[in-house]
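Peer 1: Take this structure, written in structure tokens, and hold onto it; I'll ask about it next.
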Amino acid sequence: MNIVPSFHKRPIVMAIVMAAALGAVAWAAFTPVNFASREETFAIPKGTWARRMAGNKVEILPSRIYLTLGIRDVLLLKNQDDVPQIFGPTLMMPGQSFRLPFELASSYQFACTAHASGQMTVVVDAQPDNPWQRLVWRARRIFRAVA
């Protein structure tokens, strides 16, 4: 019976792991970034204002929203609450939506009554056009999701 010692199997396993990792990096770098819609949608749920007035800590929207030019560069806010909400210079009545497209990569500050702080930041990143930029964009997206 010919049994291969385990220390001879280790290089093969490492080669397979390395090939899989390189394949994942190549996919992340060379696959174009696409979504079905360029809109990033956020809703202000019904009862938000009442819960805040009752003293509850209400975190319905992130304090920072990240968009990317050419991919997800339109912010769509829906006011499903019973009271008007202000976002930037816009007053959204109950049931209304506000669609805000972005054309420049930058960081934008808006007044926002849906936040306890009264402020919200929208960070618009440049479109990732080359493989390195797509790789960095995907890594940043993963990092932001877990952070």
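The values are calculated or read from the model by the stated rules, or taken from the named source; none is laboratory data. The structure displayed is predicted, hence computed values, not measured ones. No Cβ is skipped: glycine too gets one built from the backbone with ideal geometry, and neighbour counts run over all protein chains shown.
Peer 1: From the residues in the range 96-120 that are assigned to a loop (DSSP other than H, G, I, E, B) and under 17 Å from LEU61 (Cα atoms), which one is modelled with the lowest pLDDT?
Peer 2: Across the range 96-120, the extreme among qualifying residues is ALA116.
Peer 1: Moving to a separate point now. Got a sec? Which of ILE60, ILE44 is within 27 Å of PHE102 (Cα to Cα), touching a helix residue (DSSP H, G or I) at 6+ places or on another chain (Cβ under 7 Å), at pLDDT 75 or above and not charged (D, E, K, R)?
Peer 2: Being within 27 Å of PHE102 (Cα to Cα), touching a helix residue (DSSP H, G or I) at 6+ places or on another chain (Cβ under 7 Å), at pLDDT 75 or above and not charged (D, E, K, R) holds for just one of ILE60, ILE44, which is ILE60.
Peer 1: Within the set of pairs 6 or more residues apart or between chains, which connect a residue that is of a type in the set (S, T, N, Q) inside the range 54-68 to a residue that is part of a loop (DSSP other than H, G, I, E, B) and surrounded by 12 or more Cβ atoms within 10 Å (Cβ to Cβ) with Cβ atoms less than 6 Å apart?
Peer 2: none
Peer 1: I'm checking my understanding of the structure. Among residues of the range 121-131 that are assigned to a loop (DSSP other than H, G, I, E, B) and either touching a Leu at 6+ places or on another chain (Cβ under 9 Å) or of a type outside the set (S, T, N, Q) (or both), which one is farthest from ALA43 (Cα to Cα)?
Peer 2: If we take residues in the range 121-131 being assigned to a loop (DSSP other than H, G, I, E, B) and either touching a Leu at 6+ places or on another chain (Cβ under 9 Å) or of a type outside the set (S, T, N, Q) (or both), then ASP129 is farthest from ALA43 (Cα to Cα).
Peer 1: Go through the range 70-95 and give me each residue that's under 15 Å from the mean Cα position of the chain (by Cα), assigned to a loop (DSSP other than H, G, I, E, B) and crowded, with 17+ Cβ neighbours inside 10 Å.
Peer 2: Hit for the range 70-95 is ASP73, nothing else.
Peer 1: While we're on this one: Only one of these is in contact with an Asp or Glu (Cβ under 8 Å, 6 or more places away or on another chain), surrounded by 15 or more Cβ atoms within 10 Å (Cβ to Cβ) and under 18 Å from GLU40 (Cα atoms): PHE102, PHE110. Name it. Walk me through it before giving the result.
Peer 2: Values: PHE110 fails: in contact with an Asp or Glu (Cβ under 8 Å, 6 or more places away or on another chain).
Selected residue: PHE102, the only one of PHE102, PHE110 that is in contact with an Asp or Glu (Cβ under 8 Å, 6 or more places away or on another chain), surrounded by 15 or more Cβ atoms within 10 Å (Cβ to Cβ) and under 18 Å from GLU40 (Cα atoms).
Peer 1: Moving to a separate point now. Considering VAL146, VAL83, which residue is out of contact with any Ser or Thr (no Cβ under 7 Å at 6 or more places or on another chain), without any contact (Cβ under 8 Å) to a residue 12 or more places away in the chain and β-branched (Val, Ile, Thr)?
Peer 2: Values: VAL83 fails: without any contact (Cβ under 8 Å) to a residue 12 or more places away in the chain.
After applying the criteria, what remains is VAL146.
Peer 1: Within the range 125-142, is even one residue more than 15 Å from the chain's Cα centre (by Cα) and of a type in the set (Gly, Ala, Ser)?
Peer 2: Within the range 125-142 (the criterion being more than 15 Å from the chain's Cα centre (by Cα) and of a type in the set (Gly, Ala, Ser)), the answer is no, since none of the residues qualifies.
Peer 1: Sticking with this one: Within the bounds of the range 132-140, is there any residue that is part of a loop (DSSP other than H, G, I, E, B), of a type in the set (A, V, I, L, M) and either surrounded by 13 or more Cβ atoms within 10 Å (Cβ to Cβ) or on the phi < 0 side of the Ramachandran plot (or both)?
Peer 2: Pass one, the range 132-140, residues part of a loop (DSSP other than H, G, I, E, B): none.
No, the range 132-140 contains no residue that is part of a loop (DSSP other than H, G, I, E, B), of a type in the set (A, V, I, L, M) and either surrounded by 13 or more Cβ atoms within 10 Å (Cβ to Cβ) or on the phi < 0 side of the Ramachandran plot (or both).
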